[in-house]
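Student: Below is a structure I'd like to ask you about.
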Amino acid sequence: MGLDNINKIILVLSGKGGVGKSSITAQLALTLSLQGRSIGVLDIDLTGPSIPRFFGIEAAKVRQAVGGFIPVPIHDAQPLPSRGTTNGDAGDRAIGALSCMSLGFLLASRSDAVIWRGPKKTAMVRQFLTDVMWPDLDYLLIDTPPGTSDEHISLLENLLKQTTSPTSPPNQLAGAVVVTTPQAISTSDVKKELNFCKKTGIRVLGVVENMAGFVCPNCSECTNVFSKGGGEVMAREFEVPFLGSVPIDPAFVQLIEEGVRPVYPKGTVIEGRDMSSVEEESNGQANRKDGGLLVDKYRDCSLSPLFDDLVSRLVADIRSRD
Amino acid sequence: MAPLLEEPTQIDFDAPLKAAPKLVAPEPEHCPGPESQQAGKADSCAGCPNQAICASAPKGPDPDIPLVTARLSSVKHKILVLSGKGGVGKSTFSTMLAHGFASNKDHTIGLMDTDICGPSIPKMMGVEEETIHVTAEGWEPVWVNDNLGVMSVQFMLPGRDDAVIWRGPKKNGLIKKFLMDVTWGELDFLIVDTPPGTSDEHLSVNSFLKASGVDGAVLVSTPQEVSLLDVRKEIDFCRKAGIKILGIVENMSGFVCPGCKHESQIFRASTGGAKRLAQDEKIPYLGAVPLDPRIGMACDYGESFLDAYPDSPACTAIRNVVRRAAEEMSLPKGEVLPESDCAARGINR
């Protein structure tokens, strides 16, 4: 019941909207799952839930059981066959189960507005923290709305209360991953969030700079659409770890929006890795759009190795604190 | 505790128009709102420590509403800039709209930033370091130009990076002060920039401005479905609250590689983008603004993109959108960014 089955909780925060909190949350979850851990994702953005869209389960509805909500499963723990691509690792690997919970699953229609004032939001957040029957989880990722207001205050009030009880695992609340984009407009809001973490005593696990650069699919020239380096400078200024820069990858957006397995033109080299696909385009769009698990397709995304590295460092850091 | 899947409580859109009583305990989950008509009488009020206070509180209108209306009586047009999604360019577009209107020197423009937890307007306007001057009349807005004034919570913070950790009622109080105590003076346009979502700030702005009349709302979105999804919710909000939708703008639409001039859809419109949404929802489509890294840079340095790069395609697009918005407000042609101005610069519409 509640958070009892959860080993570690990681918050994903940002003062600014639209910087990719949900996108980073989804990728952290997929990567952790690929590394064999069981993962839950809780979306407490009540007025604009995006997590159902990211996992392609918008039509899903949450089920109730005696005692609470049952989170929506994305995939179960299972072995995933190795891939025939050049950028892969050999051999089968076991992936961990992934499930998620969002207010989006409770709405009658996807375009319904949730027009709630503070007290109602506070109550919903509390309910999400106490009434969701999570399976045994290694990590619970909590995706938040932008800002430092009702949802955040209630989230932390409840988390601090629940995770410090004698029955909960040690260091259950591992800390927060703070997401920003490189522009000054974004970092100036995110600095407020870092100060919020400081004030509330939440450890900042690190800063992720999202949307850093865009590689033109036509000429492979990298343009810093939203400038570059702002996240790293901010991390240094606040003396928190910098986890890395994540470029914009249209193939990832396409994977999320249309379920198309990422394919890169020959010669695309990202972060020193050759990302071009072995199979030729003859397979066609239709084939790439096949069923298949999102997590399986994500392995072909250029961002996957980057996140693999990022998550490994994150996990090592969290473990070293225990 | 059993989970609840019932329909959300019906929101009283006029609630903040009433005076709120002083409470002795936090509001319960299904609180109808201490200012609402049902305060103290609803089912969920049973057992609430505030019940007696709410029930006996005067149900009359908030005595401050006439003050707000009086203060804003000299404002001719009021425009809201809304989006369900964050980071789509609400503030950027608000500043563009302000600069666009302000290019006509006969107009005076006010720009109010109601994003309390993440104010961006001061930085984009290059007035981040300013503070508010309090006079006997009230709070003086920060003037960017002779005819463009700005108000934001940022001007009141002791440190630039301080977090504003406030719950709803406190945010609403500040928004009321922005409307009541700020000496806006004679304004032709008041542009209200909002935070993402459909919550306290939006309800407050709507109810405070209702009495004095709002021209309408401009919705901003990026082309992807992830963003349009939240904008649909905002459209639903506008309809429920009775706010006229002036139209929708598609921001960050397409990116032209500076190296090879190849146009990429960074934020792919897999569901037809804002244009399709506008058709489906039968709201006006104001146009698309391409993604230009220089817009973000101009914002970071607090410059007006329209003045800095007047010949860029993005600038032309923004001018067209501002002009279309003015059309939707049925302003006389030529009052806002007249065509002759463009012709003089050699820009074709």
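Student: So which of B:V205, B:V231 is in contact with a strand residue (DSSP E or B) (Cβ under 9 Å, 6 or more places away or on another chain), under 13 Å from B:S83 (Cβ atoms) and not in a loop (DSSP other than H, G, I, E, B)? Quick ask: steps written out before the conclusion?
Tutor: On the way: B:V205 fails: under 13 Å from B:S83 (Cβ atoms).
Among B:V205, B:V231, only B:V231 is in contact with a strand residue (DSSP E or B) (Cβ under 9 Å, 6 or more places away or on another chain), under 13 Å from B:S83 (Cβ atoms) and not in a loop (DSSP other than H, G, I, E, B).
Student: Can you run down the residue pairs with Cβ atoms below 8 Å, 6 or more apart or on separate chains, where the first is in segment A:3-16 and within 14 Å of chain B (Cβ to nearest Cβ) and the partner is open to solvent by 10 Å² or more (accessible area, probe 1.4 Å) and charged (D, E, K, R)?
Tutor: A:V12/A:K21; A:L13/A:K21; A:S14/A:K21; A:G15/A:K191
Student: Given the conditions (1) among the aliphatic types (A, V, I, L, M); (2) in a helix (DSSP H, G or I); (3) free of Cβ contacts under 8 Å to residues at least 60 places away in the same chain, which single one is not true for B:I266?
Tutor: (2)
Student: Another question, then. Does A:F214 qualify as being hydrophobic (A, V, I, L, M, F, W, C), facing chain B (nearest Cβ under 9 Å), in contact with a strand residue (DSSP E or B) (Cβ under 6 Å, 6 or more places away or on another chain) and surrounded by fewer than 24 Cβ atoms within 10 Å (Cβ to Cβ)? Walk me through how you get there before you give the answer.
Tutor: Details: hydrophobic (A, V, I, L, M, F, W, C): yes; facing chain B (nearest Cβ under 9 Å): yes; in contact with a strand residue (DSSP E or B) (Cβ under 6 Å, 6 or more places away or on another chain): yes; surrounded by fewer than 24 Cβ atoms within 10 Å (Cβ to Cβ): yes.
Yes, satisfied.
Student: Being basic (K, R) and in contact with a helix residue (DSSP H, G or I) (Cβ under 7 Å, 6 or more places away or on another chain) is true for just one of B:R268, B:R239. Which residue is that?
Tutor: On the way: B:R239 fails: in contact with a helix residue (DSSP H, G or I) (Cβ under 7 Å, 6 or more places away or on another chain).
On inspection, the qualifying residue turns out to be B:R268.
Student: Right, here's the next one. Out of curiosity, is A:D112 facing chain B (nearest Cβ under 10 Å), over 30 Å from A:V315 (Cβ atoms) and of a type outside the set (F, W, Y)?
Tutor: Yes.
Student: Here's a follow-up. All but one of (1) open to solvent by less than 30 Å² (accessible area, probe 1.4 Å); (2) more than 7 Å from every other protein chain (Cβ to nearest Cβ) hold for A:K120, so report the exception by its number.
Tutor: (2)
Student: Related question: Residues in segment A:157-179: is at least one closer than 24 Å to B:P26 by Cβ, within 14 Å of another protein chain (Cβ to nearest Cβ) and charged (D, E, K, R)?
Tutor: Yes; the residues of segment A:157-179 include at least one that is closer than 24 Å to B:P26 by Cβ, within 14 Å of another protein chain (Cβ to nearest Cβ) and charged (D, E, K, R).
Student: Now for a different question. Please verify whether A:L137 is crowded, with 21+ Cβ neighbours inside 10 Å, touching a helix residue (DSSP H, G or I) at 6+ places or on another chain (Cβ under 8 Å) and modelled with pLDDT of 95 or more, treating the condition exactly as stated.
Tutor: no
Student: A further question on this structure: Restricted to segment A:164-206, and to residues that are modelled with pLDDT under 90 and among the polar types (S, T, N, Q), which residue is most open to solvent (accessible area, probe 1.4 Å)?
Tutor: Filtering first and then ranking leaves A:T167.
Student: Among the residues of segment A:288-302 satisfying the criterion of being over 18 Å from A:I95 (Cα atoms) and surrounded by 19 or more Cβ atoms within 10 Å (Cβ to Cβ), which is farthest from the chain's Cα centre (by Cα)?
Tutor: Going residue by residue through segment A:288-302, those that are over 18 Å from A:I95 (Cα atoms) are A:288-290, A:302.
Now drop any that are not surrounded by 19 or more Cβ atoms within 10 Å (Cβ to Cβ), which leaves A:288, A:302.
Numbers: A:R288: 24, A:S302: 16 Å.
By that ranking, first place goes to A:R288.
Student: So which residues in segment A:45-86 are over 21 Å from the mean Cα position of the chain (by Cα), among the small types (G, A, S) and either in a helix (DSSP H, G or I) or surrounded by fewer than 18 Cβ atoms within 10 Å (Cβ to Cβ) (or both), if there are any at all?
Tutor: Those that are over 21 Å from the mean Cα position of the chain (by Cα), among the small types (G, A, S) and either in a helix (DSSP H, G or I) or surrounded by fewer than 18 Cβ atoms within 10 Å (Cβ to Cβ) (or both): A:A65, A:G67, A:S82, A:G84.
Student: Mind telling me which of the residues B:S83, B:S103 ends up being surrounded by fewer than 24 Cβ atoms within 10 Å (Cβ to Cβ) and either among the β-branched types (V, I, T) or in contact with an Asp or Glu (Cβ under 8 Å, 6 or more places away or on another chain) (or both)? Steps first, please.
Tutor: On the way: B:S83 fails: surrounded by fewer than 24 Cβ atoms within 10 Å (Cβ to Cβ).
Step by step, each of B:S83, B:S103 is checked, and only B:S103 is surrounded by fewer than 24 Cβ atoms within 10 Å (Cβ to Cβ) and either among the β-branched types (V, I, T) or in contact with an Asp or Glu (Cβ under 8 Å, 6 or more places away or on another chain) (or both).
Student: What are the residues in segment B:190-202 that are outside any helix (DSSP H, G or I), within 13 Å of chain A (Cβ to nearest Cβ) and within 12 Å of the chain's Cα centre (by Cα), if any?
Tutor: Correct list: B:D193, B:T194, B:P195, B:P196, B:G197, B:T198.
Student: Looking at segment A:8-34, which of its residues are among the β-branched types (V, I, T) and within 8 Å of the chain's Cα centre (by Cα)?
Tutor: A:V12, A:I24, A:T25
Student: Six or more apart or on different chains, Cβ under 7 Å: which pairs go from a residue in segment B:61-75 that's farther than 14 Å from B:G110 by Cβ and open to solvent by 10 Å² or more (accessible area, probe 1.4 Å) to one that's of a type in the set (D, E, K, R) and at pLDDT 85 or above? Could you list them?
Tutor: These pairs meet every condition: B:D64/B:K176.
Student: Another question, then. What's the number of the only condition in (1) under 29 Å from A:E221 (Cβ atoms); (2) part of a helix (DSSP H, G or I); (3) without any contact (Cβ under 8 Å) to a residue 12 or more places away in the chain; (4) not aromatic (F, W, Y) that B:D280 fails to meet?
Tutor: (1)
Student: Name the helices (runs of 4 or more DSSP H) wholly within segment A:241-322 that hold at least 2 residues that are modelled with pLDDT under 90 and among the acidic types (D, E)?
Tutor: A:250-258
Student: Please tell me if B:E130 is open to solvent by 10 Å² or more (accessible area, probe 1.4 Å), touching a Pro at 6+ places or on another chain (Cβ under 8 Å) and in contact (Cβ under 8 Å) with a residue 12 or more places away in the chain.
Tutor: yes
Student: Here's another thing I want to ask about it. Scan segment B:137-189 for residues that are of a type in the set (K, R) and either touching a His at 6+ places or on another chain (Cβ under 8 Å) or not in a loop (DSSP other than H, G, I, E, B) (or both) and jot them down. Spell out how you get there, then give the answer.
Tutor: Taking segment B:137-189 as the starting set, the residues that turn out to be of a type in the set (K, R) are B:160, B:167, B:170-171, B:176-177.
Correct list: B:K170, B:K171, B:K176, B:K177.
Student: Still on this structure: Just to be sure, is A:V233 in a helix (DSSP H, G or I) and modelled with pLDDT under 90?
Tutor: No: the conditions fail for A:V233.
Student: Within segment B:215-270, how many residues turn out to be closer than 25 Å to A:F252 by Cβ and at the interface with chain A (Cβ under 8 Å from one of its Cβ atoms)?
Tutor: Number of matching residues: 21.
The values are calculated or read from the model by the stated rules, or taken from the named source; none is laboratory data. Computed from a predicted structure; not experimentally measured. When we count neighbours, we look across all protein chains shown, and the Cβ atoms used for this are built from the backbone with ideal geometry, even at glycine. Protein only, heavy atoms only, side chains kept; ligands, DNA and RNA dropped before computing areas. Shrake-Rupley method; radii C 1.70, N 1.55, O 1.52, S 1.80 Å.
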